[in-house]
Structure formats: C-alpha cells, structure tokens
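Colleague: Let me begin by handing over the structure; questions about it come next.
Bear in mind these aren't lab numbers, they're just calculated from the coordinates by the rules spelled out. This is a predicted model, so every value here is computed, not measured. In this analysis, Cβ positions are derived from the backbone assuming ideal geometry, glycine residues included, and neighbour counts consider all displayed protein chains.
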Amino acid sequence: MAGFAESIRNIWNVQELRERILYTLGLLVVYRFGTFVTLPGVNAEALAQINAQQGGGGIFGFLDMFVGGAFKQAGIFALGIMPYITASIIIQLMGAVVPYFQKLQREGEEGRRRITQLTRYGTIGITALQSIGYAINLLAGATGQAVVINSTLFTITTVIVLTSGTAFVMWLGERISEDGIGNGISLIIMIGIIAFLPQALFNEVRTVGDNIFILLLEIGVWVLVTGGVVLISQGMRRIPVQYAKRVVGRKAYGGSTQYLPLRVNAAGVMPIIFAQSIMFIPSTIASFFPNSPTMQQIGTWFSDISGMGYSILFFFVVVFFTYFYTAISVNPKEMADTMKRQGGFIPGIRPGKQTSEFIDTILTRITLPGSIFLGFVAILPSFAMRAGVTQSFAMFYGGTSLLILVQVTLDTLQQIESHLLMRHYDGFMKSGKMRSRRQGM
C-alpha cells in the first residue's frame, strides 16, 4: 500500500502527467454531464416513470450500458461513441478485403490520417441513420407519451442533436487521446459502464441483506475472475526473431535477437460484442411479430440470458468470432514479409512462406485456450444469476463489461507507467511485471 501511495505522489510530482490526468478527468466529467441533458421535446420525468414500469434488458439495455444510461434517458449523448466504434469496425473489415483500404494501411502516417478521416465521415452517416431509428423507437409504444412536441419536428431535431452529440463525443475522445492520458474512446466507454457499478453493488447489498458471508464470497469470486481476465489479457507467446548482422563502413548493424509477441487474446473484447449483437437479432426480429406464437417462443428463448441453452450457444458463437476476428486483425503473411524486408528470421524457419505458416500455426494454437476462456467469461454472468446474484451486478462478473474495464485500465496504467519511467520514477509495479516494462521490443 505504501508503494501505491508513493506512485500517486510521483504522478503528482510530474507536472505534464498531472496536467494530462486532470485534463482527462475534466473531459470525462463533461461527457457525464451531457448524458443527463434530455433531448428537446421530451418530458424527462414522464420518460423515467415509463422506463421504471417497463424495466430493462434486451439489445436496448445492452446499448444503454455503453452510454452510461443516456439511451433510456433520451439524452443528447444517447448514441454515445457506438457509431464511431461501428464505423471503425467496418473500416477494419474492409481493410481485410478491399484493395483500396489495404493500400491505405500500408501508406504509414498519411494512410492512417486518411483512414481516420473516412472513419469520421462514416460515423456521421451511421449516427444520422441510427438517430432516425432512435426517434421512431421513442415515438412508438408507451415512451411516445413522453414526447410533448409534434412527431415530425421531434424526429428532425433528434437527428440534428444526436448527430451533433456523437460528433462532440468523438471530439472529446480524440482530445483525450492527444492531450490527455489513455485511449479517449475506450475511456468514454468505460466511464459509461462504471456509472452502473455503484447502483448494481447497492442493489446486491440490499438483496443479500445481513448475510455478509455471501456478499464477501461474491466479491471474492469477482476479484478472482478479474485476476484471470488480467492474466489472459496480458498473456502472450514471444517468438524469437534473429536479425542478420550487417557491416556498413566501420559500424556493425543488426545481429541482435528480438521477440515477436503474439497475444493469447489478440481479438480483445470484439468477439463478445459481435456475438452479443448476433444473439440479440432473433429476439429483435420476434418483437415485430407479436401475434406469432412460434416467433414469440424464439424471442423468449433468446431473451433468457440465464438459460443453459442460450449459454451453450453463446459460448460457441464467442469462440467462432474469436477465431474470425483474430484472422482479420492479425496477418501472418504481412508479419513474415516485414520481417524478411528488415533482415529478420525465426531460427530454424526459412523466411517467407514457411515463416508465415509457422506464425499462423502458433497463432491458431494459442487462440484456442484464449477463445475458450473468452467464451467462459462471456457466459459467466448467466451462471452468477443462476447462483442468486442480481442481474445488474452479475453483468460485471464477465462479458463485455469486465473485459472493457480490465483492458482499458491496463492500457491507461501502462501509459502512466511509461511517463513515470521516462522521468526515472518507479511506477505502479516496482517489480517490473507490467508488460511495457519488460518487453525488449
């Protein structure tokens, strides 16, 4: 504990780091305030009463978690940063199949700037389309009673305000990434998820009542699961790469051994996000056929996230998307070609095609345990609910919430660690267990 307090003092002693952290916190506070500003033409009190009667869950509850409650509250940041995430995923997928985007990815800094610009344009277009759907959904059903202006005028103003709101949130994220600390987009998502944690914990404490042992047991299991997620998130297989020695004049270059790190969970949180989106589709389609008993049965089955059948199917979908996303995000052939151009080779493996096949084989093998663990983490909330944990608190036992919290926290701590080490301060992990401190890349 004394070491942690010393690290906090070190952070405060570094003026640039202190300013970056305060700047980041200030922009996150601005974002949180924006989630409570209601759209023009909506009676906030009436909408809150309707939402309390309807409850949560489903795909809208899933989206609401990422924006800190702004979706159900009809806030100006109701769509949050999710359109940007969608646009980024689309651009990344196109980079795997469209030659134009593949060319941009190879053009270095200029290509990245062009991709960023296209992502921004895509974000605005996706937001405009989604805001139309949001306005129509809000006007339909009981929530339409909370809209106090003409439906046409409400739709127009909603599209303008939500599109502007998402553009502003995107700007906040970019400002945090450039002038603050950590990845701004990820921090904005994380702060929205954390906003649900206090209420979820309070509900669990109220449900457990005087049984302190059960509460401590639940928190203990939560800590163990979080530790396992940290272990898998940081786990990697390091492949030794030898660089040929070159003599230019009187100086020798190369001849050193470095390592090619392959993460056990190279796909990150994306497989669970993809899988959850797929699993929500049947229940969403079933909601359009209220008079069909068959469709209602399908919708009920896919809405029961605590059911054993749902958990088994969800597990295999997550495993599939883990391999799928790893395949499109990690390119062994490109790694092998880059290594060959730089004069590097894996000892015992011929450069070129054999190196590509070797990396692909290693990646396939280490992805298997990573995908199984990711699938287990994805369905862990359903087991927690069957064990008696409230649904709101069970969501933090695994799934998207826990993975985002862990990965964003680790990324932010590593950036702080780097700033401290550059100024000869000890970081949070004096033993050097942070990956950024011991990688010799």
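Colleague: Determine the dipole magnitude for the chain: charges of +1 sit on the beta-carbon of Lys and Arg, -1 on that of Asp and Glu, nothing else is charged, the reference point is the Cα centre, and the result goes in debye to the nearest 20. Walk me through the numbers on the way to the answer.
Modeller: Numbers: 33 positive and 22 negative charges, 417 e Å.
Result for the chain is approximately 2000 debye, rounded to the nearest 20.
Colleague: Under 19 Å from the Cα of LYS103, which aspartates and glutamates turn up, not counting those fewer than eight places away in the same chain?
Modeller: Within the straight-line limit of under 19 Å, LYS103 reaches these aspartates and glutamates: GLU334, ASP337.
Colleague: Got a sec to turn the phi values of the range 358-372 into Karplus ³J(HN,Hα) couplings, 6.51 cos²θ - 1.76 cosθ + 1.60 with θ = phi - 60°, whole Hz, x for Gly and Pro?
Modeller: So the J values, rounded to whole Hz, are 5, 5, 5, 5, 4, 4, 5, 5, 6, 6, 4, x, x, 5, 5.
Colleague: Hey, another quick one. Mind sorting GLU334, GLU109 by how few other Cβ atoms lie within 10 Å of their own Cβ, fewest first?
Modeller: On the way: GLU334 14, GLU109 7.
Placing the least packed residue first, the sequence is GLU109, GLU334.
Colleague: Still on this structure: Taking a quarter of the surface of the Cα convex hull of the range 258-365, what do you get in nm²?
Modeller: On the way: hull surface 35.2 nm².
Averaged projected area of the range 258-365's Cα convex hull equals 8.8 nm².
Colleague: Return P(r) of the range 207-397 (all Cα-Cα pairs; 10 Å bins starting at 0; whole %; ordered from short to long distances).
Modeller: The percentages, shortest bin first, are 8, 25, 24, 18, 13, 7, 3, 1, 0.
Colleague: Rank GLN242, PRO271, VAL29 by how far each Cα sits towards the positive end of the charge dipole of the chain (+1 on Lys, Arg Cβ; -1 on Asp, Glu Cβ) and give me just the farthest.
Modeller: Checked the options; the winner is GLN242.
Colleague: Once amide H atoms are placed 1.01 Å from N in the peptide plane, what residues at a sequence separation of 5 or more from LEU262, or on another chain, have their amide H within under 5 Å of its amide H?
Modeller: So LEU262 has HN proximity to ARG237, ARG238, ILE239.
Colleague: Please determine, in degrees from 0 to 90 and to the nearest 10, the orientation of helix 151-179 with respect to the longest principal axis defined by the Cα atoms of the chain, where the helix direction is its Cα long axis.
Modeller: 30
Colleague: Further, regarding this structure: For the chain, which span is the longest to avoid every loop-located (per DSSP) member of chymotrypsin sites (Phe, Trp or Tyr not before Pro) having at most 15 other Cβ atoms inside 10 Å? Please report the intermediate quantities before stating the final value.
Modeller: Values: sites that count: PHE36, PHE288.
No qualifying site falls inside 37-287, the longest such stretch.
Colleague: Would you please give the residues with an amide H less than 5 Å from that of ILE181, counting only those at least 5 places away or on a separate chain, with H modeled from the backbone geometry?
Modeller: Excluding prolines and chain starts, which carry no amide H, the hits are THR24.
Colleague: May I pose another question? Across the range 271-277, in residue order, what do the Karplus-derived ³J(HN,Hα) couplings come to in whole Hz, using 6.51 cos²θ - 1.76 cosθ + 1.60 with θ = phi - 60° and x for Gly and Pro?
Modeller: x, 5, 5, 4, 4, 5, 4
Colleague: Quick one: length gained pulling ALA52 to ARG120 fully straight, 0.36 nm per residue minus the C-alpha distance? All intermediate terms of the calculation are to be shown ahead of the outcome.
Modeller: On the way: separation 68, 0.36 × 68 = 24.48 nm, distance 3.53 nm.
Computed gain between ALA52 and ARG120 is 20.9 nm.
Colleague: Report the local net charge at VAL37: Lys and Arg +1, Asp and Glu -1, summed over other residues whose C-beta lies under 15 Å from its C-beta.
Modeller: With Lys, Arg at +1 and Asp, Glu at -1, the net is +1.
Colleague: Can I ask one more? Over all directions, the average projected area of the alpha-carbon convex hull for the range 1-195 comes to how many nm²? List each step's numbers first, then the result.
Modeller: Numbers: hull surface 56.7 nm².
Answer in nm², one decimal: 14.2.
Colleague: With angles folded into 0 to 90 degrees, how steeply does helix 2-13 sit against the dominant principal axis of the chain? Use alpha carbons for both and round to 10.
Modeller: 90
Colleague: Where does the Debye-calculated log10 I(q)/I(0) of the chain sit at q = 0.14 Å⁻¹, using only Cα point scatterers of equal weight, no solvent?
Modeller: The Cα Debye sum returns log10 ratios of -1.60.
Colleague: Do me a favour and compute the ellipsoid semi-axes for the range 111-176 from its Cα gyration tensor, root of five times each eigenvalue, largest one first, whole Å. Could you put the intermediate results ahead of the total?
Modeller: Numbers: eigenvalues 175, 25, 15 Å².
Ellipsoid semi-axes (Å, largest first): 30, 11, 9.
Colleague: Give me Rg/Rg_expected for the range 60-148, where Rg uses Cα atoms only and Rg_expected = 2.2 N^0.38 Å with N residues.
Modeller: Details: Rg = 16.6 Å, N = 89, 2.2 N^0.38 = 12.1 Å.
In units of the globular-protein estimate, the range 60-148 measures up at 1.37.
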